[in-house]
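One structure is given here, and the rest of the page talks about it.
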Amino acid sequence: MTISENIAEIRKTLPKDVTLICVSKTKPVELLLQAYDCGERNFGENKVQELVSKYEEMPKDVKWHLIGKLQRNKVKYIVGKVKLIHSLDNIKLLEEIERVYKNKELTAEVLIQINIGCEESKSGILLEDLQELLISCEKCSNVKVMGIMAIIPKGTTKENMMYFKQMKDIFDEMSTKNFKNISMKYLSMGMSSDYTEAIKEGANIIRVGRNIFGEREYKS
Ligand SMILES: *Cc1c(COP(=O)(O)O)cnc(C)c1O
């Protein structure tokens, strides 16, 4: 299947209010352009350096999403270049985003990444630490929280649905509170293997890589 056929296939199942992010990590710009030519504008990368170099090469109307771990010392490279940072998960990082964006007189839009499966290997904040982070977010002037994101543990369909539902419950709960600087607009969850389930449970951003671009090859 071609990239254009893959995208057409995904679009068939996509409700109007759900945004598809084409996760293009490890893939060359030629392939990203094929997706772009199909009308896709949202692209996701998990590494700052790769995002920045593709940012330079791709058309300027692309909306870039940083979906991977963000090191504090790299915030300065992405300022002004990304639509949404999906991976805010600690106060130190929040403070650095605030500092760097304030310097440039810009506002960062971010999602809080939640480690919903409490997996040690995964980034994301644990639920027990969420409140403290939210209080810090309220003090910011140049960071705006737009919602939450998760990468769920590998599991059965039933387990996936359970984690997605937990995320939706947190999303709804946060929506009822009137936190300053926080507007619950996006629920980013679901990848190639489980995005249809994520949509059923309320995701409005899905992040799909392999189902669009094929398997990734990592150089050793
Ligand atoms: C790689 C990646 C995806 C896409 O995964 P696929 O299984 O290729 O669809 C989604 N979200 C994050 C955070 C990723 O790192």
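Where a number appears in this text, it was derived from the coordinates with a stated rule and is not lab data. Model, not experiment: these values are computed from the prediction. Backbone-built Cβ (ideal geometry, glycine too); neighbour counts: all protein chains shown.
Summary of values
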item: Förster-model FRET efficiency, 22 Å R0, Phe179 and Lys81, C-beta, rounded to 0.05; result: 0.25
item: Separation of alpha-carbon centers, the range 55-131 and the range 146-220, rounded to whole Å; result: 16
item: Extension reserve of the Thr156-Glu128 stretch, reckoned as 0.36 nm per residue once the Cα distance is removed; result: 7.5 nm
item: Kirkwood Rh, Cα atoms: Rg over Rh of the chain; result: 0.95
item: Cα-centre dipole for the range 1-118 with unit charges at Cβ (Lys and Arg positive, Asp and Glu negative), debye to 20; result: 320
item: Nearest-0.05 FRET efficiency for Asn73 and Ser141, computed from C-beta distance (R0 25 Å); result: 0.70
item: Value of D in µm² per second that Stokes-Einstein yields for the range 59-127, Kirkwood Rh from Cα pairs, at 25 °C (0.890 mPa s); result: 194
item: Peptides ranked, highest mean first, by Cβ atoms within 10 Å: ranges 200-211, 30-41, 10-21; result: 200-211, 30-41, 10-21
item: Top of Met162, Met146, Met189 by mean-square fluctuation, Gaussian network on the chain, Cα under 10 Å; result: Met162
item: Candidate lysines for bridging to Lys177, where Cα separation is under 20 Å - those fewer than 8 sequence places away on the same chain excluded; result: Lys139, Lys144, Lys165, Lys168, Lys185
item: Estimated [θ] at 222 nm from DSSP helical runs (n ≥ 4, -39500 (n - 2.57)) normalised by residues in the chain, nearest 500; result: -11500 deg cm²/dmol
item: Gain on full stretching of the segment that runs from Glu215 to Glu56 - 0.36 nm per residue minus C-alpha separation; result: 54.8 nm
item: Modelled FRET efficiency - R0 35 Å, Lys165 with Lys92, Cβ distances, 0.05 increments; result: 0.70
